[in-house]
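Read the structure below first, then the notes.
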Amino acid sequence: MKIEELIKQTKFVSPLQKAILNLIYTYNWHVDQAAELFKPFGITMQQFNVLRILRGRYPEFVPVGDVKAVMLDKNPDLTRLCDRLQEKGLIERETNACNRRQVLLRIAKPGLELLEKTEPLLQQQAKKINNLSDEEAELLSNLLDKLRG
């Protein structure tokens, strides 16, 4: 469905404004889809992102600052987010022996198992929205890179 129909707006200040509104709408649509996908696992999209980052560095412990630097969503309160993941037994947390102010994180075995369970659902979700060719997806990615400057 076209953005004009979805937001019931036919006139835009410019094609760029239309594209940005479409980007915002599509982002929120994607967030809603992800929230539904992760709900049965009791995690949020941000928590999934932290688990995904930690899985990429497993079995190492990773400084919190390193995790924050590569998060897709830069706004969450990472301390509280990690508190919740630790309470669920999905991550481990320790203090750096050389710098006691530095907190280190590592994905725990249950976190790895949870990510394994989400993989088939993520693949199913990707198939549902696979209405772009590889060339179109690459073009979209390049245009988004260009938009950010």
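Observations on the structure shown:
- Rounded accessible area of R52 (nearest 10 Å², 1.4 Å probe): 90
- If you plug the beta carbon distance of L16 and E36 into 1/(1 + (r/R0)^6) with R0 = 25 Å, you get a FRET efficiency near 0.20.
- As a calculated quantity, the FRET efficiency between R100 and R55 at R0 = 35 Å, using C-beta atoms, amounts to about 0.85.
- Annotation: peptides 16-22, 129-135, ranked by per-residue average of other Cβ atoms within 10 Å with the highest first, follow the order 16-22, 129-135.
- One decimal place: the segment E138-E87 gains 14.5 nm when fully extended, by the rule 0.36 nm per residue minus the C-alpha distance.
- Sum of side-chain charges, Q33 neighbourhood, beta-carbon under 12 Å (Lys, Arg +1; Asp, Glu -1): 0
- Were the residues from Y25 through L112 laid out at 0.36 nm apart, the gain over their Cα-Cα distance would be 28.1 nm.
- Mean separation of Cα contacts under 8 Å, 6 or more apart, over the residue count of segment 1-141: relative contact order %: 20
- Per residue accessible area in Å² of segment 17-149, where ligands, DNA and RNA are left out and the probe is 1.4 Å: 69
- Given charges at beta-carbon only (K, R positive; D, E negative), |dipole| of segment 1-116 in Debye: 260
- Rounded to whole Hz, the Karplus (6.51, -1.76, 1.60) HN-Hα couplings of segment 85-95, x for glycine and proline: 5, 5, 4, 7, x, 8, 9, 10, 10, 8, 9
- Atom-type composition of the exposed protein surface of segment 66-139 places 49 percent of the accessible area on carbon and sulfur (1.4 angstrom probe).
- Between 0 and 90 degrees, the angle of helix 109-128 with respect to the longest Cα principal axis of the chain falls at about 10 degrees.
- Anisotropy class of segment 101-149 from Cα gyration tensor, a/c 1.5 cut: oblate
The values are calculated or read from the model by the stated rules, or taken from the named source; none is laboratory data. Keep in mind it's a predicted model, so treat the numbers as computed, not measured. We place every Cβ from the backbone using ideal geometry, glycine too, and count neighbours over all the protein chains shown. What goes into the accessible areas is simple: the full protein's heavy atoms, side chains included, and nothing from ligands, DNA or RNA. Shrake-Rupley method; radii C 1.70, N 1.55, O 1.52, S 1.80 Å.
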